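Here's the structure we're looking at; comments come further down.
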Amino acid sequence: MEVLLVSLLNGLVYGMLLFMLASGLTLIFSMMGVLNFAHASMYMLGAYFAYSVSRVIGFWPALVIAPILCGVLGALVEMYALRRVHLNGHIAELLFTVGLAFIIEKGVQMAWGLLPVPYRVPPVLDRALFHVYGSNFHAYRGFMLLISILMFVAIWLLLTRTRIGLVIQAALTHPEMVGALGHNVPRVFTIVFAGGSVLAGLAGVIGGNYLVTEPSMAATMGPIVFVVVVFGGLGSLAGCFLASLIMGLVQTYAVVLDVSFADLLARLGLKVTSATPLAEVLTMPLPRVGALLPYLMLILVLLIKPRGLMGTRDT
Amino acid sequence: MLQLKRLIALLLVVVIALWTGTGTVTAQQGGTIKIMYTDPLSGPFAQVGDQNLQQFKYILDYINGRGGAVGRKFEIVSFDNKSQPSEALLALKAATDQNMPIIMQCSGSNIAAALIEGVDKHNERNPNNRIVYVNCGAVATELTNEKCSYWHFRMDAHVGMKAETMVRALPKEVTKVYLLNQDYLFGQSVQRDVKTFLGKLRPDVKVVGDELIPLGKVKDFSPYVTKIKASGAQALLTGNWGPDMTLLIKSGMDSGLDMRYYTMYAHLGGGATAIGPAGNGKVRSVMAFHENIAVETGKTDTEGWTRQFRSQHDFDFYAGGFRTIFEFLQAAMNKAGSTDPIKFAAALEGLTITDMLGHQVTMRKADHQILSEYFVGVFTKGVKYDSEKTGLGWKTEATVLPKDLDQPNTCNMKRPAA
């Protein structure tokens, strides 16, 4: 019971971190059709910017400044590069972002070195918030939950309750019409890309000290974010939110549920011995493959429901 | 003008032809003793290769300052293998094409296995151009047992030895341990060997958790920490490296998991930064060297030597074992009076030298596995040399002697006919 409850909290925290990362990608992906492979690189830059800024003027200013820096960078990339590449189609765009991810990784290595940097949680949050059955619930994790919920609400309000949100929503389905009505569609694209980069940067500021800030953090976080976005469904922020939580909880519970197919079969009265065909696979405990479950779910969702959980666009 | 360009091009071709043609002769008889070093120098593990190279350079300046070997200086030629066996084999090819006597590689037992096979094949086909493979850190136990080769010399303790050191360092009051490792060749052998030695040396210890994780796939270790906590373990034993180690320890620290962490790689670059001050007195690492050993044993010359490295670099010197490698090569080549692999490989077998800490180190003849003193360090405050400017550093908590680690081997080595 205690493990299940603590795991629920663990799963929520990790899920919300995923959401912070994935929401920006969802916006960019569904809005512009750009599969931005450099999105996780923006997350990494957010963490490094926050580290550098927080060394000079502290964590709280960094929480604001680092995402803005990422946003500015995103805007520049969109205006001066992506827009030009876009003329050559989606494949060219995709390849462009792949290249960009490598360049950013090398740039980070050159600017901050190959070692992890000592980017730490601010002292005021570096303590136990409360105890659950003797386990600390770290205050910073509570802070992460809070920020991500605020973020979700803010994006939601922005997209559904403001003028610019309406234009973005409309440009998602009818770009020509929006253009004909006199809105500057390219500028909307720039805003969306910059906005997505801000969100990625914010996730970096928050995640960089919760996890470890080092040059391979983009590469390790990249794949899972794509899984979340596709699983949740393109064009759906709610889907992205749901998918993040599901992925967080699935991975967490997979670790603590020490069962295998063999146990399941035993319940049905079937016994697996070393002579059984595929015994190795059947007796494999769930935790050993837990981290791979999201990829399995991705494959399944693409087979059964190609638009993802709540998607409005084809992948 | 065009004629001049042609002339220059022609001259270049001639020069290159002469240079490569005579390359064989110069490599064997004069110039430097070239060593092809291959490890990841780009990508997520670039840090490993890069830091090794910087320490090699520092060591070579010292070794060459003391005469190199047989009157020639050592030179390292680096080659990025991007953590891929196929790329490492390209490095081997480049080394043999240029008649280099040695290839060296540290990271990845899967790459090491490919190199052993490649070196064996090459030496069989080219009896006049043999090459020796110096393994500076690929530690799967199999490499000096089933897969052992005459041309492969392992200069680091293998997994079995590290596991035994870990088990020997467990204090009496620890009776419940949790094992967590990466699900591939190396991690599985850590898991297996630790259990073997617990059975032999500490039958009173109960394994309350036995976990394998997919290599490099876990981002959030808090569910594992929850599980470890619930198991009631007093110590966590892991061979994890890279993000799988740093994230695990960091997550444990954050949730206030009060236990001993026994690792194999926490003392390498980046470990101290990731652990941070919260790890004071909790994290231990099995190692061949740390900077404070020289202080503890009063070896002031060694201390001065590593201090000088610190003053020139932004990370600390952890590669005491790498200096031993070059002292071994130096001694073997001088003994054989030659840089010819067939001659110095024979001299290296069974050789014993005194390392920078004053300890006896032997290259066991039967399986070409080094036998040296091994240490368990604890990450703590109040040491003379801290790690990565954290204010905390490594302090020796246990020492295991070579005779304690002289584990039997199953190597059946094929020696070249004299």
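The values are calculated or read from the model by the stated rules, or taken from the named source; none is laboratory data. Given the structure is predicted, the values throughout are model-derived calculations rather than measurements. Glycine also receives a Cβ, built like all others from the backbone with ideal geometry; neighbour counts cover every protein chain displayed. Surface accessibility is based on the protein's heavy atoms, side chains included, excluding ligands, DNA and RNA. Shrake-Rupley method; radii C 1.70, N 1.55, O 1.52, S 1.80 Å.
So which residues of the stretch B:35-51 lose at least 40 Å² of accessible area, probe 1.4 Å, when you go from the chain by itself to every protein chain present?
So the qualifying set is B:P44, B:Q47.
Of B:A319, B:G304, B:A332, whose Cα points farthest to the positive end of the dipole of the stretch B:298-337 (charges on the beta-carbon: +1 Lys, Arg; -1 Asp, Glu; origin at the Cα centre)?
It is B:A332, whose Cα lies furthest towards the positive end.
What residue among B:E173, B:E303, B:E164 shows peak mean-square fluctuation when chain B is described by a Gaussian network model with Cα springs under 10 Å?
B:E173
Report the residue, chosen from A:P186, A:P123, A:P287, that carries the largest GNM mean-square fluctuation when chain A is represented by alpha-carbon nodes joined by springs under 10 Å.
A:P123
Explain nothing, just compute: Karplus ³J(HN,Hα) = 6.51 cos²θ - 1.76 cosθ + 1.60, θ = phi - 60°, for every residue of the stretch A:177-190 in order, whole Hz, x for Gly and Pro.
With coefficients 6.51, -1.76 and 1.60, one gets 4, 4, x, 5, 6, x, 7, 7, 4, x, 5, 4, 4, 4 Hz.
What shape does the stretch A:37-167 take by its C-alpha gyration tensor, where a ≥ b ≥ c are the square roots of the eigenvalues and a/c under 1.5 counts as rounded, a/b above b/c as prolate, and the rest as oblate? Mind showing how you got there, number by number?
Numbers: a/c = 2.29, a/b = 1.42, b/c = 1.61.
Here the stretch A:37-167 falls in the oblate category.
At a Förster radius of 45 Å, what calculated FRET efficiency corresponds to the Cβ-Cβ distance of B:T410 and A:R55, to the nearest 0.05? Before the final figure, lay out each step's value.
Values: r = 53 Å, r/R0 = 1.18.
In this case the efficiency is close to 0.25.
Using only alpha carbon pairs under 8 Å that are at least six residues apart, calculate the relative contact order of chain A and give it in whole percent. It would help to have the intermediate numbers written out before the result.
Values: 478 pairs, mean separation 101.5, N = 315.
Worked out over chain A, it gives 32 percent.
Relative to the longest principal axis of chain A, what angle (0 to 90°, nearest 10) does the C-alpha long axis of helix A:39-57 take?
80 degrees
Please give the total accessible area that chains A and B bury against each other, computed with a 1.4 Å probe and expressed in Å² to the nearest 100. Present the calculation step by step, with values, prior to reporting the outcome.
Values: alone 15850 and 18040 Å², together 30770 Å².
Protein heavy atoms only, the A-B interface buries about 3100 Å².
With both bridge residues required to lie in the protein assembly as shown, what share of the DSSP beta bridges run antiparallel, to the nearest 5%?
Working: 21 of 55 bridges.
Given both bridge residues lie in the protein assembly as shown, the antiparallel proportion sits at roughly 40 percent.
Roughly what angle does helix B:320-336 make with the longest principal axis of chain B, taking Cα atoms, 0 to 90 degrees, to the nearest 10?
40 degrees
Below 17 Å, Cα to Cα, which lysines can B:K282 reach? Residues fewer than 8 away in the same chain don't count.
Within the straight-line limit of under 17 Å, B:K282 reaches these lysines: B:K172, B:K176, B:K229, B:K250, B:K381, B:K395.
Mind jotting down the distance between the C-alpha centroids of the stretch B:273-334 and the stretch B:87-137, whole Å?
27 Å
From zero up to wherever the largest Cα-Cα distance of the protein assembly as shown sits, split into 20 Å bins and tell me the percent of pairs in each.
Each 20 Å bin holds this share of Cα pairs: 16, 44, 32, 8, 0.
If I build a Gaussian network model for chain A, linking alpha-carbon pairs within less than 10 angstrom, which residue out of A:A266, A:A291, A:A22 has the largest mean-square fluctuation?
Highest fluctuation among the options: A:A266.
May I ask you to derive the FRET efficiency for B:D314 and B:R66 from their Cβ-Cβ distance with R0 = 41 Å, giving the value to the nearest 0.05? Spell out each step's value before the answer.
On the way: r = 27 Å, r/R0 = 0.65.
Using R0 = 41 Å, I get an efficiency of 0.95.
Return the distance in nm (one decimal) between the two label points of a simple spin-label model at B:Q84 and B:V208, each offset 7 Å from Cα along Cα→Cβ.
Result for the modelled spin labels: 4.5 nm.
Measure off, as a whole percent, the carbon and sulfur share of the 1.4 Å-probe accessible area of the stretch B:24-163, all protein chains present. If you can, show how the numbers build up before the last one.
On the way: 2490 of 5050 Å².
It is 49 percent, rounded to a whole number.
Need the C-alpha centroid separation for the stretch A:78-114 versus the stretch B:402-418, integer Å.
If we compute the Cα centre of each part, the gap is 52 Å.
Mind checking the per residue accessible area of chain B for me, 1.4 Å probe, whole number of Å²?
That works out to 39 Å² for each residue.
Under the definition of partner shielding as Cβ atoms of other protein chains within 10 Å of a residue Cβ, what is the mean value for peptide A:209-219? All intermediate terms of the calculation are to be shown ahead of the outcome.
Working: counts 1, 6, 9, 8, 2, 8, 4, 8, 3, 1, 4.
The per-residue average across the peptide is 5.
Expressed as a whole percentage, what fraction of the accessible surface of the stretch B:273-418 belongs to carbon and sulfur atoms when a 1.4 Å probe is rolled over the protein heavy atoms? Mind dumping the intermediate values first?
On the way: 2810 of 5760 Å².
Answer for the stretch B:273-418 is 49 percent, counting heavy atoms of protein chains only.
Output the residues of the stretch B:260-289 meeting this criterion: accessible area (heavy atoms, 1.4 Å probe) in the chain alone minus accessible area with all protein chains in place is 40 Å² or greater.
Listed in order, they are B:T273.
Given a 1.4 angstrom probe, I'd like the percentage of the accessible area of the stretch A:262-315 that is carbon and sulfur, rounded to a whole number. Could the numbers behind the result be given before it?
Working: 2670 of 3840 Å².
Whole-percent figure for carbon plus sulfur exposure: 70.
If you take every DSSP beta bridge fully contained in chain B, what fraction is antiparallel? Give it as a percent rounded to 5. Could you put the intermediate results ahead of the total?
Details: 17 of 51 bridges.
Percentage antiparallel, nearest 5: 35.
What does the extension gain come out to for A:D258 and A:Y133, with contour length at 0.36 nm per residue minus their alpha carbon separation?
On the way: separation 125, 0.36 × 125 = 45.00 nm, distance 2.04 nm.
Value of the extension gain: 43.0 nm.
Let me have the relative contact order for chain B, percent, based on Cα pairs under 8 Å that are six or more residues apart. Mind showing how you got there, number by number?
Working: 783 pairs, mean separation 62.0, N = 418.
The normalised contact order for chain B reaches 15 percent.
Given an 8 Å cut-off on Cα distances and at least 6 residues of separation, report the relative contact order of the stretch B:301-418 as a percent. List each step's numbers first, then the result.
Values: 143 pairs, mean separation 19.2, N = 118.
Reported as a whole number, the value is 16 percent.
Would you mind getting the accessible area per residue of the stretch A:173-256, heavy atoms of the protein chains only, 1.4 Å probe, in Å²? Numbers along the way, then the final one.
Details: 2390 Å² over 84 residues.
Ligands and nucleic acids excluded, the figure is 28 Å² per residue.
What aspartates and glutamates does B:K73 reach when the alpha-carbon gap must be under 19 Å and sequence neighbours fewer than 8 apart in one chain are set aside?
B:D61, B:E327, B:D340
To test your reading of the geometry: what angle, between 0 and 90 degrees and rounded to tens, separates the Cα axis of helix A:293-304 from the longest principal axis of chain A?
Long axis of A:293-304 versus the principal axis of chain A: about 70 degrees.
Out of residues 5 or more away from B:K282 or on other chains, whose amide H comes under 5 Å of its own, with H placed 1.01 Å from N in the peptide plane?
Sorted by chain and number, the residues that satisfy this are B:F379.
Put a dot 7 Å past each Cα toward the Cβ at B:N126 and A:D126; how far apart are the dots in nm?
Inter-label distance under the simple model: 5.4 nm.
Considering every residue in B:208-217, what mean count of other chain Cβ atoms within 10 Å of its Cβ is obtained?
Details: counts 0, 1, 2, 5, 5, 6, 6, 1, 4, 10.
Across the residues of B:208-217, the mean count of other-chain Cβ atoms within 10 Å is 4.
Using alpha carbon centroids, what distance separates the stretch B:342-378 and the stretch B:195-229, in Å?
32 Å
Pop out a list of residues from the stretch A:92-131 that are at least 50 Å² less accessible with all the protein chains around than in their chain alone; 1.4 Å probe, no ligands or nucleic acids counted.
Those residues are A:L114, A:L115, A:P116, A:R120.
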